[in-house]
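Before anything else, here's the structure in question.
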Amino acid sequence: RALVVSLFFKSYLAISRKLCDAGIMPPDAVPQKDLSGADKFNTPTMRSSQLFERVASNQATHDPIGKPKVHVSALKQATGEAIYTDDIPRMDGELYLAFVLSTKAHAKITKLDASEALALEGVEAFFSAQDLTEHQNEVGPVFHDEYVFANGEVHCYGQIIGAIAAANQTLAQRAARLVRVEYLDLQLVIVTIEQAIEHKSYFPDYPRFLTKGDVEKAFAEADHVYESSCRMGGQEHFYLETHAAVAVPRDSDELELFCSTQHPSEIQKLVAHVLSLPSNRIVCRAKRLGGGFGGKESRGMMVALPVALAAYRLQRPVRCMLDRDEDMLMTGTRHPFLFKYKVGFSRKGIISVCDIECYNNAGWSMDLSFSVLERAMYHFENCYRIPNVRVGGWVCKTNLPSNTAFRGFGGPQGMFAAEHIIRDVARIVDRNVLDVMQMNFYKTGDYTHYNQKLERFPIQRCFEDCIMQSQYYAKHAEITRFNWEHRWRNRGIALVPTKYGIAFGVMHLNQAGALINIYADGSVLLSHGAVEIGQGLNTKVIQCAARALGIPIELIHISETATDKVPNTSPTAATVGSDLNGMAVIDACEKLNKRLAPIKEALPQGTWQEWVNKPYFDRISLSATGFYATPEIGYHPETNPNARTYNYFTNGVGVSVVEIDCLTGDHQVLSTDIVMDIGSSINPAIDIGQIEGAF
């Protein structure tokens, strides 16, 4: 109703302005401050600039590190020639898999009848929990608390109950709709965090607490104590390529799987578990992904496991690529969070203590929610030093599709709470929020609430650079003037700093492997454990190899990520892909350089092709594996208190100006300035692309 009245008023203002311009109404009939309420937003001309450190060029050494090299598959992706999972040509005898999904949020399955679907010509099979043992059916990335197919009970709308294998996609999806499922509704359906709190619906072993300093004493000594809460909703990943998998039997007990996943080793492990085969019979390949953002770190199993099962049982190739509505229904989102906090601070606005409760909505299974919560608990203070802290965390169990990893992995949710807290403090002490931020910033040498020393902490410099480059104070003055002159349109400006810890939260994942093969013609084939998701990882890894071997990047190629090249890999996640795999590649290159050293000494004027051709005739191996494990990390408050939680931190500051139409709620971002400190960039073009893409 409010919107309809606002639109009516907007049209009244627009007509009045035209009548004033035509001289039919007096010029002052409508106050000048009101007239802009008639305006609509127009898409402005895009203008942007990218500033980065320029690295001196030395053509003789073929050193591409620090240069803005073009993404190695950019041209293929731009022209549509790049091959993704579902672009693999159809094979002889191939079947398509379609899912039967739950239409209830919490219910018992009383009847499951696929006879009508199986009667259709071209429908080959129906798979459900009946086709697997209870042990085979239980899966999950860490805890096996999920099912390939619902086992007598559904826990969320969109849970997989069964799968139809048929001659083509249209037929398979039509047959899936003919499968009859009858339910008995179960009383309690929990959707929100508030409902989970009311019913104490938490996963076992929660809540967990982390404490630093004397919280009670600090509250007693604080000039001000304030309590509040804030919440953050979910977010759909919306990668351009939905979940997809193609499984091909290579023998009666071998299976090859092409899968759109950030974690091929996990798919391999779970397929082996479901089929009761050893992992060495399963090969999982991923050439490139059409986006992932964390959504393909663990949820790829939802499609890959039924596809692999169907291919293995029927001994025919099987394919599935989710439609967009299926993907959004089945796969979960970023974790919604609720924060309840109590903060103590001085009259100046210096924060001395915070007691905060963090609740995340995990959905119906654990997935990676425990780790997402931990990172949120470790990032709740963002860039601000708080000497006394008590932070509690609860993983809420609800009847939603299991929420999962999503760019930032709990970090953005934690920082969201910090930014609420700092603004509450500034408002109560009646000071400029930027001044309160700066007073509370960590400084180099400070310790976090998880006992990590900040060895270099450049947030103040990022802050000052961003203020200067964005012309913050000039924009602020212009906004004040604009808001005075316009009643129905308002502008605002906001600044947000960030501190993000770089490392997997789980110790054993901080490792990577690589395999390098040098061929007699001088070309190099590189394999590593991470997946190219579009983020430019392969480009950076090729640059690392080119520097280490001292050759042009044009001689190096990465074909795909496959579990038969590099085993037991970690997921491509946690912002460590190029760190871990780049170092593993360098390790392999150093082994090859040692083998080539005597030949280079004997032929100092030789070319790369001559240097690598001679070892073949001298029977010297030109294949090497590399490995890297992040050192000095693995903090645990009891068992390993002196280790670091994160290998290092990246920092950034962003300033945005936004205009809002107060009548309709329509809004537009007018400008954004971002300053990121990412150390010495391997490839500024790729890194800026990542920063702009994230924005």
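Scan segment 508-558 for residues that are free of Cβ contacts under 8 Å to residues at least 60 places away in the same chain and polar (S, T, N, Q) and jot them down.
Matches in segment 508-558: 523, 527.
Is it true that some residue in segment 340-355 is in contact with a Leu (Cβ under 7 Å, 6 or more places away or on another chain) and either assigned by the TED database to the domain that holds residue 261 or open to solvent by 10 Å² or more (accessible area, probe 1.4 Å) (or both)?
no
Additional query: Looking at (1) over 18 Å from residue 234 (Cβ atoms); (2) surrounded by fewer than 21 Cβ atoms within 10 Å (Cβ to Cβ), can you tell me which one residue 391 breaks?
Failing condition for residue 391: (2).
Going through segment 397-416 one residue at a time, which ones are closer than 26 Å to residue 646 by Cα and open to solvent by less than 10 Å² (accessible area, probe 1.4 Å)?
Those that are closer than 26 Å to residue 646 by Cα and open to solvent by less than 10 Å² (accessible area, probe 1.4 Å): 403, 404, 405, 410, 411, 413, 414.
With 451, 403 as the choices, which residue is touching a helix residue (DSSP H, G or I) at 6+ places or on another chain (Cβ under 8 Å) and touching a residue at least 24 places away in the same chain (Cβ under 8 Å)? I'd like the intermediate steps shown before the answer.
Numbers: 451 fails: touching a helix residue (DSSP H, G or I) at 6+ places or on another chain (Cβ under 8 Å).
The conditions single out 403.
Taking only segment 161-173 into account, find how many residues are open to solvent by 10 Å² or more (accessible area, probe 1.4 Å) and touching a residue at least 60 places away in the same chain (Cβ under 8 Å).
5
Could you run through segment 245-275 and say how many residues are β-branched (Val, Ile, Thr), more than 20 Å from the chain's Cα centre (by Cα) and farther than 15 Å from residue 316 by Cβ?
2
From 187, 136, 195, grab the single residue that is among the polar types (S, T, N, Q), more than 30 Å from residue 310 (Cα to Cα), assigned to a helix (DSSP H, G or I) and out of contact with any Asp or Glu (no Cβ under 9 Å at 6 or more places or on another chain).
Criteria check complete, one pass: 195.
Sticking with this one: Return only the number of the condition from (1) open to solvent by 50 Å² or more (accessible area, probe 1.4 Å); (2) farther than 18 Å from residue 312 by Cα that residue 242 does not satisfy.
(1)
Only one of 503, 418 is free of Cβ contacts under 8 Å to residues at least 40 places away in the same chain, within 30 Å of residue 537 (Cβ to Cβ) and among the hydrophobic types (A, V, I, L, M, F, W, C); which?
Result of the check over 503, 418: 418.
Additional query: Looking at (1) on the phi > 0 side of the Ramachandran plot; (2) of a type outside the set (S, T, N, Q); (3) open to solvent by 20 Å² or more (accessible area, probe 1.4 Å), which one does residue 183 not meet, given that it meets all the others?
Against the list (1) on the phi > 0 side of the Ramachandran plot; (2) of a type outside the set (S, T, N, Q); (3) open to solvent by 20 Å² or more (accessible area, probe 1.4 Å), residue 183 comes up short only on (1).
Please go through segment 583-606 and give me each residue that is over 43 Å from the mean Cα position of the chain (by Cα), under 21 Å from residue 552 (Cβ atoms) and of a type outside the set (Lys, Arg), ordered by number.
599, 603, 604, 605, 606 - these are the residues of segment 583-606 that are over 43 Å from the mean Cα position of the chain (by Cα), under 21 Å from residue 552 (Cβ atoms) and of a type outside the set (Lys, Arg).
Scan segment 383-407 for residues that are within 20 Å of the chain's Cα centre (by Cα) and either in the same structural domain as residue 161 (by the TED database) or assigned to a loop (DSSP other than H, G, I, E, B) (or both) and jot them down.
Answer for segment 383-407, where residues must be within 20 Å of the chain's Cα centre (by Cα) and either in the same structural domain as residue 161 (by the TED database) or assigned to a loop (DSSP other than H, G, I, E, B) (or both): 400, 401, 402, 403, 404, 405, 406, 407.
Just to check your reading of the model, which residue among 283, 274 is outside any loop (DSSP other than H, G, I, E, B), open to solvent by less than 10 Å² (accessible area, probe 1.4 Å) and farther than 30 Å from residue 212 by Cβ? Before the answer, list the steps.
Numbers: 283 fails: open to solvent by less than 10 Å² (accessible area, probe 1.4 Å).
Within the list 283, 274, the selection yields 274.
Can you tell me which of 149, 143 is touching a residue at least 60 places away in the same chain (Cβ under 8 Å), buried (at least 21 other Cβ atoms within 10 Å of the Cβ), part of a loop (DSSP other than H, G, I, E, B) and on the phi < 0 side of the Ramachandran plot?
Values: 143 fails: buried (at least 21 other Cβ atoms within 10 Å of the Cβ).
Answer to the check: 149.
Which of (1) part of a helix (DSSP H, G or I); (2) within 29 Å of residue 407 (Cβ to Cβ); (3) not hydrophobic (A, V, I, L, M, F, W, C) is the odd one out, the single condition residue 170 does not satisfy?
Evaluating residue 170 over (1) part of a helix (DSSP H, G or I); (2) within 29 Å of residue 407 (Cβ to Cβ); (3) not hydrophobic (A, V, I, L, M, F, W, C) leaves (2) as the failure.
Then there's this: Scan segment 31-72 for residues that are open to solvent by 40 Å² or more (accessible area, probe 1.4 Å) and among the small types (Gly, Ala, Ser) and jot them down.
Within segment 31-72, 48, 49, 56, 57, 60 qualify.
Test of understanding: among 192, 211, 242, which residue is under 22 Å from the mean Cα position of the chain (by Cα) and either over 25 Å from residue 153 (Cα atoms) or at pLDDT 95 or above (or both)?
Matching residue, one of 192, 211, 242: 242.
Which one is modelled with the highest pLDDT, of the residues in segment 634-645 that are under 26 Å from residue 530 (Cβ atoms) and either hydroxyl-bearing (Ser, Thr, Tyr) or in the same structural domain as residue 592 (by the TED database) (or both)?
My answer is 645.
Pick out the one residue from 666, 673 that is open to solvent by less than 60 Å² (accessible area, probe 1.4 Å) and among the acidic types (Asp, Glu).
673
Can you list residue pairs whose Cβ atoms sit under 8 Å apart, with the first residue in segment 359-379 being closer than 18 Å to residue 508 by Cβ and in contact (Cβ under 8 Å) with a residue 40 or more places away in the chain and the second being open to solvent by 10 Å² or more (accessible area, probe 1.4 Å) and in a helix (DSSP H, G or I)? Count only pairs 6 or more apart in sequence or on different chains.
none
Residue by residue, here is whether (1) in contact with a Leu (Cβ under 7 Å, 6 or more places away or on another chain); (2) closer than 23 Å to residue 553 by Cβ holds:
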{"site": "612", "(1), (2)": "yes, yes"}
{"site": "628", "(1), (2)": "yes, yes"}
{"site": "646", "(1), (2)": "no, no"}
{"site": "658", "(1), (2)": "yes, no"}
{"site": "662", "(1), (2)": "no, no"}
{"site": "667", "(1), (2)": "no, no"}
{"site": "685", "(1), (2)": "no, yes"}
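Yes/no matrix, rows are residues, columns are (1) under 15 Å from residue 343 (Cα atoms); (2) surrounded by 17 or more Cβ atoms within 10 Å (Cβ to Cβ); (3) not hydrophobic (A, V, I, L, M, F, W, C):
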| position | (1), (2), (3) |
| --- | --- |
| 418 | yes, yes, no |
| 421 | yes, yes, no |
| 424 | yes, yes, yes |
| 432 | no, no, yes |
| 436 | yes, yes, no |
| 440 | yes, yes, yes |
| 443 | no, no, yes |
| 447 | no, no, yes |
| 459 | no, yes, no |
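The values are calculated or read from the model by the stated rules, or taken from the named source; none is laboratory data. Just so it is clear, the model here is predicted, and its values are computed rather than measured. Cβ coordinates were reconstructed from backbone atoms using ideal geometry, including for glycine residues, and neighbour counts include every protein chain displayed. Remember, those area values only see protein heavy atoms, side chains included, never the ligands or the DNA or RNA. Shrake-Rupley method; radii C 1.70, N 1.55, O 1.52, S 1.80 Å.
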